[in-house]
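Data first, discussion second: the structure below is written as structure tokens.
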Ligand code: HEC
């Protein structure tokens, strides 16, 4: 039965008997109310079905329309998804020709280090701690303790190793590939290198005049009690 004939039946049922009853009881208002209600109902159901029952395919549905019988359409050949072309092995895989690297895929500027610090503080500090000693809050509450970044072995690991640990995790450490984007991974690694330098700097790395200052510190003026002598290092 088509929708049209069904609604016509409904109309007759509601309105037709309503008319007869109205004539018997003389209730004109009653008849009008039933009529209005019936018309309103027809509209409501018509609108709802138009919008709700539009034809559509779900993923992997069969289809009689396409020659291959599938509703899913394959990507046209040679399609490059925008922003997804990851040809730069150094940047995206952290290696070069499959071998570990010890260089960054882009220049490390102050801005990169700042971004690295922000991302490190957001993602790594809870376990590795602000200085990278492996004493983050989660560790203090019982999580496995990571090796300190200032450990001799880790200081000598290649940048690729760090990239790999962020992407794939390491032992008790889960992967952070989903949370940290490729450029930010490198920014974090640059910041970790800065942390390592901060704890293992060599005096010989200082400019000559600073080395001279260290070797022959200026004598404090009389009355100046050498403030800050015990702080710092
Ligand atoms: C949930 C805690 C946790 C977080 C967060 C975390 N790590 Fe780790 N990480 C660990 C643990 C635990 C280890 C030691 C794993 C082991 O040796 O089994 C570790 C080890 C490491 C190592 C040393 C691997 C080695 O060779 O010994 C590096 C590098 C590292 N993490 C980098 C990071 C970076 C970068 C981040 C932030 C993006 C991060 N981790 C976030 C827990 C964490």
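So if each residue of separation counts as 0.36 nm, and I subtract the Cα-Cα distance between residue 103 and residue 53, what length gain in nm does that give?
Contour length minus Cα-Cα distance gives 12.3 nm.
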Note to self: With the crude spin-label approximation of a point 7 Å out along Cα→Cβ, what separation in nm comes out for residue 211 versus residue 66?
What the structure shows: 6.9
Note to self: Under the 0.36 nm per residue contour assumption, what length would be gained going from the current alpha-carbon distance of residue 131 and residue 151 to full extension?
What the structure shows: 6.0 nm
Notebook entry, point to check: For residue 78 and residue 202, what is the calculated FRET efficiency with R₀ set at 41 Å and r taken between the beta-carbons, to the nearest 0.05?
Noted result: 0.20
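If you take the beta carbon distance between residue 85 and residue 36 as r and set R0 to 45 Å, what does 1/(1 + (r/R0)^6) give as a FRET efficiency, to the nearest 0.05?
0.15
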Next item on the list: Could you list 65, 106 in order of exposure, starting from the residue whose Cβ has the fewest other Cβ atoms within 10 Å?
Entry: 65, 106
Checklist line | Computed lengthening from residue 138 to residue 172, 0.36 nm per intervening residue step minus Cα-Cα distance | finding: 11.0 nm
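For the range 89-214, take the convex hull of the Cα atoms, compute a quarter of its surface area, and give me that in nm², please.
Taking a quarter of the hull surface, the average projection is 8.8 nm².
Each reported figure results from applying straightforward, stated rules to the coordinates on display, with no laboratory input. Keep in mind it's a predicted model, so treat the numbers as computed, not measured. Note: ideal-geometry Cβ built from the backbone for every residue, glycine included; neighbour counts use all protein chains shown.
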